[in-house]
1. In 10 Å bins starting at 0, how do the alpha-carbon pair distances of region A:319-400 split up by percent?
2. In the Gaussian network model of chain B, springs joining C-alpha atoms below 10 Å, which of B:Gly211, B:Gly233, B:Gly147 carries the largest mean-square fluctuation?
3. Pairs B:Lys196/B:Lys251; A:Lys173/A:Lys323; B:Lys12/B:Lys90; A:Lys161/A:Lys323; A:Lys173/B:Lys251: which are spaced more than 30 Å apart, C-alpha to C-alpha?
4. Distance from the Cα centre of region A:161-202 to that of region A:271-325, in angstrom?
5. If you put +1 on each Lys and Arg Cβ and -1 on each Asp and Glu Cβ, how big is the dipole of region A:268-393 around its Cα centre, in Debye rounded to 20?
6. Roughly how big is the B-A contact, given as buried accessible area in Å² (both sides, 1.4 Å probe, nearest 100)?
7. Return the long-range amide H neighbours of A:His13 (sequence gap of 5 or more, or a different chain), with a cut-off of under 5 Å between placed amide H atoms.
8. With a 10 Å cut-off between alpha carbons and a GNM built on chain A, which of A:Val22, A:Val197, A:Val261 moves the most?
Amino acid sequence: MTEKYNMPDERGHFGPYGGMFVAETLMEPIQELNAAYQRYMIDPDFIAELDADLQHYVGRPSPLYHAQRWSKNLGGAQIYLKREDLNHTGAHKINNTIGQALLAKRMGKTRIIAETGAGQHGVATATIAARLGLECVVYMGAVDVQRQKLNVYRMQLLGAKVVAVESGSKTLKDALNEALRDWVTNVDNTFYIIGTVAGPHPYPAMVRDFQTIIGREAKEQCIAQAGRLPDALVACVGGGSNAIGLFHPFIDDEGVKMYGVEAAGDGVETGRHSAPLCAGRPGVLHGNRTYLMADDDGEIIETHSISAGLDYPGVGPEHSWLKDIGRVEYVNITDTEALEGFYALTQMEGIIPALESSHAMAYTLKLAPTMSKDQIIIVNLSGRGDKDMHTMAEREGIEI
Amino acid sequence: MSRLAAKFEQLKANNRKALIPFITAGDPNPEFTVPMMHEMVKAGADVIELGVPFSDPMADGPVIQRASERALELHMGLRKVLDMVAEFRKTDNDIPVVLMGYLNPIEIMGYEVFADKAQQAGVDGVLTVDLPPEESEDCIDLFKDRGIDQIFLLAPNSNAERVKKMDAIGSGYIYYVSLKGVTGAGHLNTDDVKEKLAMIKEHTSLPIGIGFGVKDAKTAKTVADIGDGVVVGSALISKIEANLDNPEQAKQEIIELLQSMRNAMDS
């Protein structure tokens, strides 16, 4: 790459991907949002307020932790974990919700809506809404409400109204549909905080910009601790916000390999998975063109993953572009493999990862031994596993 | 001249407004749709909007969402919807048929393949909810070359610039969404619609169909007095939903509702 990476174009296109595929009623609010985003992202007061919140409220910078015991055990590359699990609310999601909520405040919006899968984005949104005194409604698939009860309770404690979505497959994509329906109805006073790098422009670029704090810190920390850049980056990809946050600041660093880990569910060959980049095709959903899981009639196929946060049939459009240009390699990890990653990190390092992040851990289990001891992998530990205790205990036949 | 342009010209000459019913193809079953289309024509429909079922109907309210779900359970998809239009065309070469839905089914089929098939089937217009003018440059010429009108939506918060943009590239008619919300929601505010239509008419000579919130003969009449056409969807589909065990009854109720709207609009 000789030219500096600079995507998207001004209309939100990453090559053929991205764009603004929305109903007419949403054109005005997304253009209004884009104008505010362009204005405040270079506004020193806004940046200062955001940085102060990230430091004092979220607890940034998050550590870059050298997992020495695990590295030694695998006998290959040195593994460094970017500890997004240590952020306030327990995942990377809050980096973005704080940014968007501060933007909402500047735009004079009084009501916040969000969609959530695993509940991490919902919790992060409810958290910042509580702090800023904004009304908050979170849409969550009815299936996810069942499997993530703890997070539902957290959101309610924080004062948010959680709406269980009963349409379609009752998971994350349906929560997004319902949030879009709410937005179209309440555009005047409502700000829609999308939790991942999907949706219509400017969301994919804006959410990315709020999440690149992960990669910017990791780069500095790696140089400070190891004296050089890493050889590889690993992150799980559902919509892809934690991955793009880690990857983006390294895109122009040619020597750094990047691996995005999709959820293979029961296995990509079974069709029961959530891996559009590995096994899908380009299409249009939720405001952007991207790789999707769709059948020959263009209907969206139901996805499967042990992890609610990865259970989504699309992916951020920038990932589609990074796949096509070959900058990021997208791989996949089954439910069973993800559990191996979950136990490995828990037992080797005393850190319980979220099931989403466990996919990245599981790929690290495969990758690290193929590399030499003087090489470095940074793995994004995007969230902590507390929310998954019920799921895990149930799998082990334990009642809690 | 396209069937849509001819139809609106003819209506104008007769000083009438277009009655445009919407049903979802394949709801409540695939055998229901084509005979229902013919019956709607007899009841006074001038244009038919045929909904292409989609798994993720983001702009639709619960009534049309459930219609989509029922049709999808019976594996109704874009390819079968095109077959239905072809079937309808065997005995009706006059009434324009507009496919209404979301972009992904067309995107997955491929714009050119779809344009060819739609032309062969006798489709007159395409209205994709999630395809604003900004993103339509890859398909609009393919459609135009085959005599298919691209119908855009305008909303209460669309400004004059957007009307001009749609006037420049759209054809057939423009669909004015009368309220901020999803299909089947709330009540439309006549004064607001009137005011908005005045602005729209300043910037386009395309006919304006008005939809969202048309429930009965009275609202149909009110809307007909403001625009060039009246779109009614959820109110018809509610009849199907209320008679899932008796589609014939649904058909009768739809016919009666359309006739009452036609009479009110013509009075």
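1. Going from the shortest bin to the longest, the percentages are 17, 43, 28, 11, 1.
2. Maximum among the listed residues: B:Gly147.
3. Values: B:Lys196/B:Lys251 34 Å; A:Lys173/A:Lys323 22 Å; B:Lys12/B:Lys90 27 Å; A:Lys161/A:Lys323 37 Å; A:Lys173/B:Lys251 34 Å.
From B:Lys196/B:Lys251; A:Lys173/A:Lys323; B:Lys12/B:Lys90; A:Lys161/A:Lys323; A:Lys173/B:Lys251, over 30 Å: B:Lys196/B:Lys251; A:Lys161/A:Lys323; A:Lys173/B:Lys251.
4. What the calculation gives is 18 Å, centre to centre.
5. Values: 9 positive and 18 negative charges, 84 e Å.
Its charge dipole is roughly 400 debye.
6. On the way: alone 11520 and 15310 Å², together 23740 Å².
What B and A bury together is about 3100 Å².
7. When sequence neighbours closer than 5 places are left aside, the close amide H contacts are A:Gly19.
8. A:Val22
The values are calculated or read from the model by the stated rules, or taken from the named source; none is laboratory data. This structure is a prediction, so every number in the text was calculated from the model and none was measured. Counting neighbours? That spans all protein chains shown, and the Cβs are built from the backbone with ideal geometry, glycine included. Each accessible area value is taken on the protein alone, full model and side chains, heavy atoms only, with ligands, DNA and RNA left out. Shrake-Rupley method; radii C 1.70, N 1.55, O 1.52, S 1.80 Å.
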